[in-house]
1. Working carefully through the options A:Gly52, A:Gly40, find the one that is over 18 Å from A:Pro79 (Cβ atoms) and not basic (Lys, Arg).
2. Being within 8 Å of another protein chain (Cβ to nearest Cβ), open to solvent by 30 Å² or more (accessible area, probe 1.4 Å) and either at pLDDT 95 or above or closer than 21 Å to B:Ala189 by Cβ (or both) narrows it down to one residue among A:Asn107, A:Asn112; which is it?
3. Would you check if B:Val72 is open to solvent by less than 50 Å² (accessible area, probe 1.4 Å) and under 21 Å from the mean Cα position of the chain (by Cα)?
4. Tell me which residues, restricted to segment A:87-97, are at the interface with chain B (Cβ under 7 Å from one of its Cβ atoms), touching a Leu at 6+ places or on another chain (Cβ under 7 Å) and either part of a helix (DSSP H, G or I) or open to solvent by 10 Å² or more (accessible area, probe 1.4 Å) (or both).
5. Looking at the structure I just gave you, is A:Val198 buried (at least 20 other Cβ atoms within 10 Å of the Cβ), closer than 28 Å to A:Thr2 by Cβ and in contact with a Ser or Thr (Cβ under 7 Å, 6 or more places away or on another chain)?
6. If a residue must be surrounded by 14 or more Cβ atoms within 10 Å (Cβ to Cβ) and either farther than 22 Å from B:Lys99 by Cα or of a type outside the set (Val, Ile, Thr) (or both), how many such residues does segment B:205-237 contain?
7. Output the number of residues of segment A:73-86 satisfying the condition of being more than 8 Å from every other protein chain (Cβ to nearest Cβ) and either without any contact (Cβ under 8 Å) to a residue 40 or more places away in the chain or open to solvent by 10 Å² or more (accessible area, probe 1.4 Å) (or both).
8. Could you identify the single residue in B:Ile136, B:Ile192 that is surrounded by 12 or more Cβ atoms within 10 Å (Cβ to Cβ), within 14 Å of chain A (Cβ to nearest Cβ), of a type in the set (Val, Ile, Thr) and within 30 Å of B:Pro7 (Cα to Cα)?
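The values are calculated or read from the model by the stated rules, or taken from the named source; none is laboratory data. From a predicted model like this one, the values you see are computed outputs, not experimental measurements. When we count neighbours, we look across all protein chains shown, and the Cβ atoms used for this are built from the backbone with ideal geometry, even at glycine. We work out accessible area using only protein heavy atoms, side chains counted, and drop any ligands, DNA or RNA first. Shrake-Rupley method; radii C 1.70, N 1.55, O 1.52, S 1.80 Å.
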Amino acid sequence: MTAPVVLDRLSVTRDGLPVLREVSLTLAPRDRLAIVGPNGAGKTTLLRAIMGLQVPSSGTVALFGQTCTHEAEFRSHRPRIGFLFQDSDDQLFCPTVVEDVAFGPLNLGQSNAQALKIARETLAHLGIAALAERLVHKLSGGEKRLVCLAGLLAMRPQVLLLDEPTNGVDAENGARLRAVLHGFEGAMIMVSHDDGFVADLANRARLLSGGCLQEADIHDHAHLHRHPHVHPRMKTDPNAG
Amino acid sequence: MTQDLRPSLACALILVLAVSQLASLSTALGALASTVLGGLIWQRARLVAHKRRLLHLEVFLLLVLLTLPFTVAGTALFSLGPLVASVEGVARALLVVAKISTAVLLITLFLAQAEPLALARALHAAPLPKPLLRLISLTLRYLSVVSDEFNRLREAAKARSFRPATTLRTWRVMGLMMGTMLLRALSRADRISEAMRARSGAGHMPHLPLPALSRRDHLRIGASLIGALFLTVMDRL
């Protein structure tokens with residue numbers, strides 16, 4: 001099976017300053033890759049470049065084996081890639097929950113009635129069928145996040161790009177979010193500051209710092225209290241490889 | 001499920017259109033009196049709830065009532081220095097006031113209690129251009145986001161001991177806040193359009209189906225048509 005996402009020496013500059021420098025990355029079909037790094041390191045820019053929302057200054061993005069440079073090429077692959085935005089309010093632009101979830105299926109050529117049916121099924125699958133008729137702007141942060149995810153899953157994507165998925169999500173909805181993502185069959189790139197979330201879901205991690213991507217390990221060790229942690233990979237680290 | 005506003009919207013539209021075309025003062029006053037009476041009998045609570053909103057309008061109408069008599073030529077009624085008020089002017093002012101008051105009362109009675117979303121839904125059934133409908137529904141969606149953002153800015157300023165006063169500095173701070181709001185709104189608009197593209201959006205929006213109109217809805221619309229026709233006939237006779 002071809003790798004859904006391959007980046008080859010991708011660079012992005014903004015206002016003359018480099019944001020990403022020669023980043024190379026291959027995402028295999030069932031990969032769960034975490035990208036960690038400080039604020040402003042270019043994590044969101046990396047996801048936007050994969051979606052074709054950010055024009056690179058050099059290097060290539062290949063989606064499902066096809067090198068994409070023009071909007072039309074990206075457009076044909078976007079239905080298979082779900083992108084969870086950092087701010088839920090950007091992504092939820094329909095007045096009610098069920099209409100928003102139906103937006104994607106409608107764009108894929110379903111009729112209005114079919115799209116609404118798929119939306120209700122997806123909401124039920126996520127265990128939030130009760131939210132269907134609710135007004136989007138009256139939802140809690142955690143509920144908004146789950147509805148955003150439902151909007152992506154309703155399009156049956158093969159890849160999920162998650163930008164800070166646990167931001168502003170309470171424990172209960174967070175647990176539900178994790179459970180749904182555990183059940184997701186496809187590949188995943190998650191950008192997160194939530195080490196617990198990363199350790200739970202990712203099978204490998206890379207550190208983005210100063211626009212460069214480095215190998216990193218996820219491991220669990222005792223501090224004053226015990227919690228999972230992500231470190232840059234050391235040359236001398238016996239766990240490396 | 002939100003309520004179906006299409007019948008109310010149709011009734012309000014029919015009656016307001018009829019009222020807007022009235023030319024005789026007596027019919028207009030009659031229409032006003034019957035609307036007030038009807039409102040007091042059937043929708044007293046609604047009228048009381050929106051009393052303030054109606055009063056705001058009356059202040060504006062008072063201005064019309066005070067200025068219009070002096071700007072219409074005709075038989076002199078009285079004069080204030082060089083300004084002469086005419087009988088025709090007073091009649092015109094009263095006509096305008098009666099018509100506007102009736103129209104606003106009608107809209108209040110039929111639509112004031114409506115949820116904005118229900119109104120947007122009902123408008124989808126009207127023959128309006130799709131981009132306009134999209135603007136309305138996006139505005140409804142983001143109004144609360146924008147107002148929350150503005151409140152946070154205001155609270156942040158307050159938390160750092162900013163107190164608005166009639167000073168140049170207050171105006172400058174307000175200007176900066178407005179500018180910040182505008183910039184944020186623009187970048188949010190960019191992100192929303194990206195989110196639409198990311199989900200393969202091409203301008204189509206899903207919408208929940210509305211139920212078929214009931215017999216009662218048809219009766220209400222029919223009654224409004226008869227009322228409108230009656231007003232028009234009375235006006236022309």
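1. Answer to the check: A:Gly40.
2. A:Asn107
3. No, not satisfied.
4. A:Pro95
5. yes
6. Residues in segment B:205-237 being surrounded by 14 or more Cβ atoms within 10 Å (Cβ to Cβ) and either farther than 22 Å from B:Lys99 by Cα or of a type outside the set (Val, Ile, Thr) (or both): 15 in total.
7. Residues meeting the conditions: 6.
8. From the options B:Ile136, B:Ile192, the qualifying one is B:Ile136.
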